[in-house]
Every structure is written in structure tokens, then in C-alpha cells.
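No value in this document is a laboratory result; all are computed from the given coordinates. The model shown is predicted, which means the values in this text are computed figures rather than measured ones. Here Cβ is always computed from backbone atoms with ideal geometry, including for glycine, and neighbour counts include all displayed protein chains.
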Amino acid sequence: MNTRTLLLPSLIASMLAAPLAFAQQDTAQAAAKATQQTAESVQAQAAQKAADAKAKQAEEAKAKAKKKDKASAPTREPEEEDDR
């Protein structure tokens with residue numbers, strides 16, 4: 001057989017198959033990237049919840065300390081006025 005009759009159809013077949021192969025590779029990479037981004041967003045949400053809980057605890061501790069300071073402080077009774 002002539003080389004040209006084998007080369008031309010194989011060249012055409014490779015040109016048709018190449019985009020499909022690259023598309024499959026890109027799809028797999030996109031799926032892996034999406035999975036990674038999902039995992040990162042879940043971690044970020046967990047970190048945000050932990051930070052919010054820590055801030056809330058700090059506020060509650062501050063409010064409790066302020067309340068305790070008010071309760072332990074002696075109250076001043078109003079002074080009586082002299083009739084001088």
C-alpha cells in the first residue's frame with residue numbers, strides 16, 4: 001500500500017481524537033479542583049464557626065466579669081443632709 005493512503009486517514013483520525021482526549025483530561029482536572037475547593041470552603045466555614053464561638057465566649061466572659069465587679073462593689077448610701 002501507498003504511504004499516503006495510510007498517513008492521510010491516520011492524520012485525520014488523530015486530529016479528530018485529540019480534542020476529545022484533552023477535553024477528558026480537563027474535565028478530570030476541573031472535577032479535582034472543584035473537590036479541593038469544596039474541601040477548602042468547608043474548612044474555612046469550620047474555622048469561621050470556631051472563631052465566632054471563641055469571640056462569643058470572650059464577650060460572655062467579659063460581661064460576666066463586669067457583672068461580678070458591679071456585684072462586689074460596695075454601694076454607697078446617700079448621705080443625709082444636716083440641718084445647719
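Ordered by residue, what ³J(HN,Hα) values in Hz, to whole numbers, does region 33-46 give under the Karplus form 6.51 cos²θ - 1.76 cosθ + 1.60, where θ = phi - 60° and Gly and Pro are x?
5, 5, 5, 5, 5, 5, 5, 5, 5, 5, 5, 5, 5, 5
In nanometres, what is the gap between the two model label sites at THR35 and ALA55, each 7 Å from Cα along Cα-to-Cβ?
Spacing of the two 7 Å Cα→Cβ label points: 3.4 nm.
Would you kindly state how much longer the chain becomes between LYS64 and ALA47 on full extension, computed as 0.36 nm times their sequence separation minus their alpha carbon distance, in nm to one decimal?
3.6 nm
Per residue of region 47-54, what does 6.51 cos²θ - 1.76 cosθ + 1.60 with θ = phi - 60° give for ³J(HN,Hα)? Whole Hz please, x for Gly and Pro, Karplus curve as stated.
Values per residue, Gly and Pro as x: 5, 5, 4, 5, 5, 5, 5, 5 Hz.
Where a Cα-Cα gap under 27 Å defines reach, which lysines qualify for LYS56, not counting those fewer than 8 residues away within the same chain?
List returned: LYS64, LYS66, LYS67, LYS68, LYS70.
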